[in-house]
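The values are calculated or read from the model by the stated rules, or taken from the named source; none is laboratory data. All figures in this text were calculated on a predicted structure; none of them were measured in a lab. Cβ coordinates were reconstructed from backbone atoms using ideal geometry, including for glycine residues, and neighbour counts include every protein chain displayed. We work out accessible area using only protein heavy atoms, side chains counted, and drop any ligands, DNA or RNA first. Shrake-Rupley method; radii C 1.70, N 1.55, O 1.52, S 1.80 Å.
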Amino acid sequence: PRRWLALRPLLLALEVALIGVVAGLLVGWLVGEAMDALTESYFPLPVWLRPFQLGAFLRATALGVAMVLVASVWPVLRAVRVPPIQAIRTGPLTTLRGGLAPLVQRLPLPGSIITSMPLRDVLRRPRRTLLTVLGIAATVATLVGLFGMIDSIYQTIDDGETELVGRV
C-alpha cells in the first residue's frame, strides 16, 4: 500500500529533524557558553544565573521537527502517487513542466535569451524562489536583531559611563 511506501521517507525526515535538534542543541550550548564568557567580561557581577529554559527549548524543538515533517509530506505524497517505475526514472523528460513555465515561455522579454534567462528561471519555479526569499529574509532578520542587540548593549555602556564620569 502507498502508506507503507511513504513511511520510510517520512521516518528518514524524522531522523534528519532529530539529528538537527541534537546538533542545534550542541551548537546553541557552545555559542551560549562563548556569549556567557563575553558577557561576564563586559559586566563583572558577583553572581551570574543562567538557567536552562526548558519550555523555550521544547517549543523550538517541536517547531523544528514539525517544519521538517511538513516539508517532507508533499514530495513523499507526490512520489507515491506515481507508478514505481516512473518514480525512479531519471532524465530531462521525466518530469512534467510545472510552475509558471508555460506562461513564462510565451512571455515576450526584451533582450537576448541570455539576459532573460535569470528572470525566466525565477518565474519558472515560484515555490523555490519563495523558499529562497524566505531563507534570505530569515538570515537578514537574525542579523539585524543581533546587531541591534549589540548596539543597544554598547549604548547602555556608553550611557552608564557618561553618568558615572559626568561628561555630556
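Suppose R0 equals 22 Å. What FRET efficiency, 1/(1 + (r/R0)^6) with r the Cβ-Cβ distance, do THR162 and LEU38 give to the nearest 0.05? Show your work: numbers first, answer last.
Values: r = 23 Å, r/R0 = 1.03.
Efficiency computed from Cβ-Cβ geometry: 0.45.
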- [ ] Leaving out ligands and nucleic acids, note down the accessible area per residue over the chain with a 1.4 angstrom probe, in whole Å².
- [x] 84
- [ ] Quote the relative contact order of the chain in percent (integer), defining contacts as alpha-carbon pairs under 8 Å separated by 6+ residues.
- [x] 23
- [ ] Only helices at least 20 Å long along their axis, Cα-based, and averaging 0.5 or more on Kyte-Doolittle count here, so list those DSSP H runs from the chain.
- [x] 2-42, 54-80, 126-165
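Any idea what diffusion coefficient segment 1-98 gets from Stokes-Einstein, in µm²/s, Kirkwood Rh on alpha carbon pairs, 25 °C, 0.890 mPa s?
Details: Rh = 17.2 Å.
After rounding, the answer is 142 µm²/s.
Quick one: putting +1 on the C-beta of Lys and Arg, -1 on the C-beta of Asp and Glu, what dipole do you get for the chain around its Cα centre, in Debye to the nearest 20? Working shown, then result.
Working: 16 positive and 10 negative charges, 418 e Å.
For this selection, approximately 2000 debye.
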TODO: Compute, for ARG124, the solvent-accessible surface of its heavy atoms (probe 1.4 Å) with the complete set of protein chains present, and express it in square angstrom to the nearest 10.
DONE: 80
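Per DSSP helix of 4 or more residues, -39500 (n - 2.57); summed, then divided by the residues of the chain. What does that give at 222 nm, rounded to the nearest 500? Walk me through the numbers on the way to the answer.
Values: 6 runs with 131 residues, N = 168.
Estimated from H runs of four or more residues: -27000 deg cm²/dmol.
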Task: Structure-derived Cα Rg over 2.2 N^0.38 Å: which label, when the choices are [x] 1.11; [y] 1.04; [z] 1.63 - done: [z]
